[in-house]
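Okay, so here's the structure we're looking at.
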Amino acid sequence: TGRNFDELLRVIDSLQLTANYSVATPANWKDGDDVVIAPAIPDSDIPAKFPKGHTRIKPYLRTTPQPNK
């Protein structure tokens, strides 16, 4: 059986990103796409942690540009 190395690399990128920043990657995320800010991060901490800005969709769902890009 074959392996999809692009998918494998995408998963590794996602794991490294979520391990190093307080974010989660949404379904079908690709490197460079917006990410979800962890719900445990208070709104008051977001400007310091995510200086590129963020979008508040719901109180528990906030997105930001990928922090390491």
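The table for this structure:
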item: Alpha carbon convex hull of the stretch 5-64, projected area averaged over orientations, nm²; result: 4.1
item: Highest-fluctuation residue, 22, 44, 14 considered, GNM on the chain with Cα pairs under 10 Å; result: 44
item: Cut-off 15 Å between beta-carbons: net charge of the residues surrounding residue 35, Lys and Arg +1, Asp and Glu -1; result: +3
item: Per-residue [θ]222 nm for the chain (sum of -39500 (n - 2.57) over DSSP H runs n ≥ 4, rounded to 500); result: -8500 deg cm²/dmol
item: Potential lengthening between residue 40 and residue 5 on full extension [0.36 nm per residue; Cα-Cα distance subtracted]; result: 9.4 nm
item: Backbone N within the stretch 1-18 under 15 Å of label point (7 Å from residue 31 Cα along the Cβ vector); result: 5-18
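Values in this text are rule-based calculations from the coordinates and carry no lab data. None of the values given here were measured: they were computed from a predicted structure. All Cβ positions, glycine included, derive from the backbone under ideal geometry; neighbour counts span all protein chains shown.
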